[in-house]
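K.L.:
Structure in structure tokens, see below.
The values are calculated or read from the model by the stated rules, or taken from the named source; none is laboratory data. Please read all numbers here as calculations on a predicted model, not as lab measurements. A quick note on method: Cβ atoms are made from the backbone with ideal geometry, for glycine too, and the neighbour counts reach across all protein chains shown.
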Amino acid sequence: MNAETFLYDESFSPEPKTLMMFYKRLREIDVPEMMSSIIAETAGKPWEYYQDMTRQLWDEARHAMMGEVGFVNLGIDWPSEVMVNHTWSLALNTQLSPKERHAVLYFIEQGLMPKTGKRFEWEVGLESNNPLSGLFQDYDWADEVLHSRIGRDWYVPDFNSPKEAIDYGDECWSRVLMDWNQYRDEGKTEHRNWWPGLYTAACKNWRIEPNPDVLKYSTSYESVRADLKTISASG
Ligand SMILES: [Fe+2]
Ligand SMILES: [Fe+2]
């Protein structure tokens, strides 16, 4: 499911958006999967590099746990209602070098800092009737500020300018091939739309009738990328 097109659609209210944000957090389990290999395959850096990168790896794992807790708090059986996968880390780990993976991570994280990124998610959490969502997005935003600093300290200095560093990340990411049509043809995924089931389960907990417009949401990442560029992240 495309969480971003739903999140930035003003016609939807904050409550169902908290579900998309818990999903965005939960699927961050993919980030430590690609960060651990960067750390393990990068030799000869100062101790502080490994300390900072390991802190960030732990943050990303914790972000995934925040998503899990958000669903459990709503009484939702997330392993059956929410589909997360590891195709992003699989593709990055097998197609890019550690430095190229760090570039992609930095590029994605830079895109999270404008007003439409982490701040927006925190505001949606506050506007919702779910106090955990606001709290988790507060942690998520604060951690992201630290992750930007870690990127500036350990990734950007290899380039002549911050812009060059970001452009390189964009270029590395565009090189990664993730063809879910092929995964489906090989029988590895049904690529099913799980949103109606998740939303219906949440509505049960909220004791409300599902809103038909929310229920029929079905945009995937086939045509719109997570940064809303048209084609096909989370840090
Ligand atoms: Fe994160
Ligand atoms: Fe991050």
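K.L.:
Can you spot a residue in region 132-148 that is out of contact with any Cys (no Cβ under 7 Å at 6 or more places or on another chain), more than 13 Å from ligand 2 (Cβ to nearest atom), farther than 21 Å from residue 61 by Cβ and among the hydroxyl-bearing types (Ser, Thr, Tyr)?
P.N.:
No - not one qualifying residue is present in region 132-148.
K.L.:
Could you grab me the full set of residues in region 41-53 that are part of a helix (DSSP H, G or I), among the charged types (D, E, K, R) and more than 16 Å from ligand 1 (Cβ to nearest atom)?
P.N.:
Result: 41, 48.
K.L.:
Would you check if there is a residue in region 29-40 being surrounded by fewer than 17 Cβ atoms within 10 Å (Cβ to Cβ), part of a helix (DSSP H, G or I) and within 11 Å of ligand 2 (Cβ to nearest atom)?
P.N.:
Taking every residue of region 29-40 in turn, none turns out to be surrounded by fewer than 17 Cβ atoms within 10 Å (Cβ to Cβ), part of a helix (DSSP H, G or I) and within 11 Å of ligand 2 (Cβ to nearest atom).
Here is a yes/no grid of residues against (1) over 20 Å from residue 80 (Cα atoms); (2) under 18 Å from the mean Cα position of the chain (by Cα); (3) not hydroxyl-bearing (Ser, Thr, Tyr); (4) not in a helix (DSSP H, G or I):
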| site | (1), (2), (3), (4) |
| --- | --- |
| 126 | yes, no, yes, no |
| 144 | yes, yes, yes, no |
| 188 | no, no, yes, yes |
| 197 | no, no, yes, no |
| 204 | no, no, yes, no |
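K.L.:
Select from region 166-178 the residues that are hydrophobic (A, V, I, L, M, F, W, C) and surrounded by 14 or more Cβ atoms within 10 Å (Cβ to Cβ) and list them in ascending order.
P.N.:
166, 172, 173, 176, 178
K.L.:
Is there a residue in region 153-165 that is surrounded by 13 or more Cβ atoms within 10 Å (Cβ to Cβ), touching an Asp or Glu at 6+ places or on another chain (Cβ under 7 Å) and either at pLDDT 95 or above or closer than 26 Å to residue 67 by Cα (or both)?
P.N.:
Yes, because at least one residue in region 153-165 is surrounded by 13 or more Cβ atoms within 10 Å (Cβ to Cβ), touching an Asp or Glu at 6+ places or on another chain (Cβ under 7 Å) and either at pLDDT 95 or above or closer than 26 Å to residue 67 by Cα (or both).
K.L.:
In region 128-139, which residues are assigned to a helix (DSSP H, G or I), touching a Gly at 6+ places or on another chain (Cβ under 9 Å) and surrounded by 14 or more Cβ atoms within 10 Å (Cβ to Cβ)?
P.N.:
Scanning region 128-139 gives 132, 133, 134, 135, 136, 137, 138.
K.L.:
Same structure, new question: Give the residues of region 1-18 that are assigned to a helix (DSSP H, G or I) and over 13 Å from the mean Cα position of the chain (by Cα), sorted by residue number. First the steps, then the outcome.
P.N.:
Filtering region 1-18 down to residues assigned to a helix (DSSP H, G or I) leaves 3-7, 14-18.
Result: 5, 6, 14, 15, 16, 17, 18.
K.L.:
Looking at residue 94 and the list (1) within 30 Å of residue 215 (Cα to Cα); (2) among the polar types (S, T, N, Q); (3) assigned to a helix (DSSP H, G or I), which single condition is not satisfied?
P.N.:
Evaluating residue 94 over (1) within 30 Å of residue 215 (Cα to Cα); (2) among the polar types (S, T, N, Q); (3) assigned to a helix (DSSP H, G or I) leaves (1) as the failure.
K.L.:
Taking residue 56 as meeting all but one of (1) away from ligand 1 (no atom under 14 Å from the Cβ); (2) over 13 Å from the mean Cα position of the chain (by Cα), write down the number of the exception.
P.N.:
(1)
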